[in-house]
Amino acid sequence: MLVTGGCGFIGSEFIRQQLAGTADVSIVNYDLLTYAGNPDNLRSVCHDPRYTFVRGDIANAAAVEQVLASGVDVVVNFAAESHVDRSLADSGPFVQTNVVGTQVLLDACRRAKVSRYLQVSTDEVYGSLGPTGYFTEETPLAPNSPYSACKAAADMLVRAYHHSFGFPAIITRCSNNYGPYQFPEKLIPLFITNLLQNESVPVYGTGTNVRDWIHVSDHCRGISAALERGKCGEVYNFGGRAELTNMELTRLLLRLLEKPDSLIRYVTDRLGHDLRYAIDCRKAETELGWQAQTSFEAGLRDTVAWYQSNPAWVARIKSGAYASQP
């Protein structure tokens, strides 16, 4: 199995799960180690003989061909630029990795005749919901940020390769992930690490934007289920059925960490900020036999406890020391 972007938050959880649960799997982790790629996330498995790390760019055709030549059967593409604010500042790297990189990877996988390819995507490609309703796999794509537009473009390429060439591809889309090892630019780890240092937490606008939260372990179990039981050419949504406004989530974190509301700092709202995301994941539940197992309250408590118990990991992120070669 080739896992691209495996040093990231979600990719590293997927690799740890695969190595823990599948005795006969062999994994090549192909990662460029951009700013959010953290080799520390895989220190627990780096000496496993079934695990190999290769540093490389999915947009580098020659390098991708070389890594696929090692005898890869299955490819799971996590590699992506994923932070909306960064895409608003400069969309160039997002187009290069998320669109060009996906195209290069698809072409190389076709030539290598891989048996299955899974594209890890996001509910953000669907755009924004009003106060009611849910995203289904049939919801038209209407991305509203450069990040989500690039992910939608990649999804359309994957869909087209399946339709045009019979390429054995599956797309998965998930709601907001949280859990251990998440890079602290995203809301939950940013707020936890700030609050642990008695620093303020920035809330966009009035904090009324709504997100559905899924624990990263549940998401990765869903990806495994799609690989094993999913139908090529299909899309599968994964959600946690845990909708909260950003303000509700902020106050939950303040309570868990016993911090005062005075640490809330309201900031100018993000450009084009989507109001609400919510996933209907009944297709995955019915066709894949998957269900989210982690309640949001328990998962959030465990996540807070993990960051409290791993100050060295946080310190290496904050100092930049994590960015050294594995």
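The values are calculated or read from the model by the stated rules, or taken from the named source; none is laboratory data. Just so you know, these numbers come straight off a predicted model, no measurement behind them. Cβ: placed from backbone, ideal geometry, glycine included. Neighbour counts: every protein chain shown.
Descriptive notes on the structure:
- Counted as qualifying within region 74-188 are the helices (runs of 4 or more DSSP H) with 2 or more residues that are within 30 Å of Asn310 (Cα to Cα), namely 84-89.
- Single residue of region 195-207 satisfying the filter (outside any strand (DSSP E or B) and in contact (Cβ under 8 Å) with a residue 60 or more places away in the chain) that is surrounded by the most Cβ atoms within 10 Å (Cβ to Cβ): Leu195
- All positions within region 14-68 that are in contact with a helix residue (DSSP H, G or I) (Cβ under 7 Å, 6 or more places away or on another chain), more than 26 Å from His215 (Cβ to Cβ), assigned to a helix (DSSP H, G or I) and not hydrophobic (A, V, I, L, M, F, W, C): Glu65
- Residue match in region 263-275 (condition: modelled with pLDDT of 95 or more and assigned to a helix (DSSP H, G or I)): yes
- Candidates are the residues of region 69-80 that are surrounded by fewer than 24 Cβ atoms within 10 Å (Cβ to Cβ) and of a type outside the set (S, T, N, Q); the one that is modelled with the lowest pLDDT is Gly71.
- Only one entry of Gly6, Gly21, Gly56, Gly11 meets the criterion of being under 26 Å from Arg173 (Cα atoms), of a type outside the set (A, V, I, L, M) and surrounded by fewer than 16 Cβ atoms within 10 Å (Cβ to Cβ), and that entry is Gly21.
To keep it simple, each residue is scored yes or no on (1) out of contact with any Lys or Arg (no Cβ under 9 Å at 6 or more places or on another chain); (2) over 22 Å from Leu190 (Cα atoms).
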| residue | (1), (2) |
| --- | --- |
| Ala61 | yes, yes |
| Glu65 | no, yes |
| Val74 | no, yes |
| Ala79 | yes, no |
| Ser91 | yes, yes |
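- First in region 132-146 and in contact (Cβ under 8 Å) with a residue 24 or more places away in the chain, second anywhere and among the basic types (Lys, Arg), Cβ under 7 Å, 6 or more apart: Glu137/Lys283
- Within region 254-287, the set of residues being among the small types (Gly, Ala, Ser) and in contact with a strand residue (DSSP E or B) (Cβ under 6 Å, 6 or more places away or on another chain) comprises Ala278, Ala284.
- With respect to (1) buried (at least 19 other Cβ atoms within 10 Å of the Cβ); (2) more than 23 Å from Tyr35 (Cα to Cα), the lone exception for Tyr322 is condition (2).
- A single entry from Arg276, Arg282, Arg270 fulfils the requirement of being farther than 22 Å from Pro202 by Cβ and either surrounded by fewer than 14 Cβ atoms within 10 Å (Cβ to Cβ) or touching a residue at least 24 places away in the same chain (Cβ under 8 Å) (or both): Arg282.
- Test result for Gly127, on the phi > 0 side of the Ramachandran plot and surrounded by fewer than 17 Cβ atoms within 10 Å (Cβ to Cβ): no
- Among the residues of region 217-233, the one identified as in contact with a Lys or Arg (Cβ under 8 Å, 6 or more places away or on another chain) and either closer than 21 Å to Leu129 by Cβ or crowded, with 18+ Cβ neighbours inside 10 Å (or both) is Leu227.
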